[in-house]
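A quick write-up on the structure given underneath.
The values are calculated or read from the model by the stated rules, or taken from the named source; none is laboratory data. Keep in mind that this is a model prediction, so the values were computed, not measured. No Cβ is skipped: glycine too gets one built from the backbone with ideal geometry, and neighbour counts run over all protein chains shown.
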Amino acid sequence: MNATSAPRFEIDGLSVSVVVYRPDLAQLASTLASLTAASAALRERRTGVPIELFLVDNGGLPDMSTQEATLRANEIGYTIIAGHGNVGYGRGHNLAIERSTSRYHLILNPDIDLSHDALNQALDFLDMHAEAGLLTPWIGDENERQQFLCRRYPTLLDLFVRGFLPTRLRAIFTRRLARYEMRDQINARDTVWDPPIVSGCFMLFRTTVLKQLAGFDARYFLYFEDYDLSLRAHDVTRVVYVPAVRVLHHGGGAARKGSAHIKMFVASACKFFNRFGWKWL
């Protein structure tokens, strides 16, 4: 492990893990800038709350000295975890999770921009609802249109239609996809308890819950590790969608990333269905 600073372990506060592999520096810088702004807003309400960022380098991390200086200036602890190679998304986060001793831990994608009050809204909600152990936010795209990333349990047909069919053909399955994406419940206003599956791009856990679950299942290299973790989370806590917490997501689907990602998607889907049960139609 190469670390730019020793972690400040305190049994309180917030830790954040971001896993990167050959990241887009401009997008990563945007994510970290939004995290810094949201952290500053959090500290205005919670003076002295410790915030620790673990940046997990699975390979290709560019020079981060400018971003590091900004984080340090805003009193955000900053640790780079590196030297382990490309171990996959879930295993990368697990390297940070095992180091965390915070009250809350945020699993964050490097293509997410947080709203200014996202952390305040999220921690306020969790402080008021002890039964909630995993929080997922309202997620918008680059044009601030809602992405419906809460899920019911998928069938193979749902995954194929949503991930691989062109838009004109996907329209035939509009009602089916709407059910899979929980559009009958998920909106910009209402808190929804216990959505079966939530997105790994932003998962805010009570750290005790996350450690009880032993983090992500390392058998998934990429894709479906968040489906797996979501379903297991229901065994030990309640999961909640809170639209007052708002983020923007700049990511894309596996099919748009090329054949290597399609192969990883299929391999992880098989692992997921072998564990939790196959549903075809």
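Just the residues that are in contact with a Leu (Cβ under 9 Å, 6 or more places away or on another chain), among the hydrophobic types (A, V, I, L, M, F, W, C) and over 13 Å from Leu229 (Cα atoms), please, taken from the range 268-281. Passing the criteria: Ala269, Phe273, Trp278, Trp280, Leu281. Looking across Thr66, Thr36, one residue alone is part of a helix (DSSP H, G or I) and touching a Leu at 6+ places or on another chain (Cβ under 7 Å). It is Thr36.
Looking only at residues that are over 18 Å from the mean Cα position of the chain (by Cα) and charged (D, E, K, R) in the range 46-73, which one is nearest to Gln212 (Cα to Cα)?
Taking the range 46-73 as the starting set, the residues that turn out to be over 18 Å from the mean Cα position of the chain (by Cα) are 46-50, 59-73.
Subsequent filtering for residues that are charged (D, E, K, R) retains 46, 63, 68, 72.
Numbers: Arg46: 27, Asp63: 35, Glu68: 31, Arg72: 31 Å.
Step by step, filter the range 46-73, then rank; the result is Arg46.
Residues that are assigned to a loop (DSSP other than H, G, I, E, B) and more than 18 Å from the chain's Cα centre (by Cα) occur at least once in the range 232-252.
The single condition among (1) part of a strand (DSSP E or B); (2) out of contact with any helix residue (DSSP H, G or I) (no Cβ under 6 Å at 6 or more places or on another chain); (3) of a type outside the set (Lys, Arg) that Ala269 does not satisfy is (1). Return only the number of the condition from (1) farther than 20 Å from Asp194 by Cβ; (2) polar (S, T, N, Q); (3) in contact with a Phe, Trp or Tyr (Cβ under 9 Å, 6 or more places away or on another chain); (4) surrounded by fewer than 23 Cβ atoms within 10 Å (Cβ to Cβ) that Ser100 does not satisfy. Unmet for Ser100, out of (1) farther than 20 Å from Asp194 by Cβ; (2) polar (S, T, N, Q); (3) in contact with a Phe, Trp or Tyr (Cβ under 9 Å, 6 or more places away or on another chain); (4) surrounded by fewer than 23 Cβ atoms within 10 Å (Cβ to Cβ): (4).
Tallying residues that are assigned to a loop (DSSP other than H, G, I, E, B), free of Cβ contacts under 8 Å to residues at least 40 places away in the same chain and exposed (fewer than 15 other Cβ atoms within 10 Å of the Cβ) within the range 113-169 yields 4.
Checking each residue in the range 35-45 for being touching a helix residue (DSSP H, G or I) at 6+ places or on another chain (Cβ under 8 Å) and at pLDDT 95 or above picks out Thr36, Ala38, Ser39, Ala41, Leu42. Among the residues of the range 205-231, count how many are part of a loop (DSSP other than H, G, I, E, B), closer than 15 Å to Arg275 by Cβ and under 14 Å from the mean Cα position of the chain (by Cα). The qualifying residues number 3. The set of residues in the range 55-84 being loosely packed, with under 13 Cβ neighbours inside 10 Å and hydrophobic (A, V, I, L, M, F, W, C) consists of Ala69, Ala73. Please find, among Arg183, Arg179, Arg189, the residue that is surrounded by fewer than 21 Cβ atoms within 10 Å (Cβ to Cβ), in contact (Cβ under 8 Å) with a residue 24 or more places away in the chain, more than 24 Å from Leu14 (Cα to Cα) and in contact with a Phe, Trp or Tyr (Cβ under 6 Å, 6 or more places away or on another chain). Being surrounded by fewer than 21 Cβ atoms within 10 Å (Cβ to Cβ), in contact (Cβ under 8 Å) with a residue 24 or more places away in the chain, more than 24 Å from Leu14 (Cα to Cα) and in contact with a Phe, Trp or Tyr (Cβ under 6 Å, 6 or more places away or on another chain) holds for just one of Arg183, Arg179, Arg189, which is Arg183. Would you check if there is a residue in the range 74-96 being within 16 Å of the chain's Cα centre (by Cα) and part of a loop (DSSP other than H, G, I, E, B)? Checked against the condition, which is being within 16 Å of the chain's Cα centre (by Cα) and part of a loop (DSSP other than H, G, I, E, B), the range 74-96 yields at least one hit.
Of all residues in the range 33-55, those that are at negative phi have Cβ atoms under 9 Å from Cβ atoms of residues that are basic (Lys, Arg), 6 or more apart or on another chain, in Val49/Arg43; Pro50/Arg8; Ile51/Arg43; Glu52/Arg8; Glu52/Arg99; Phe54/Arg99.
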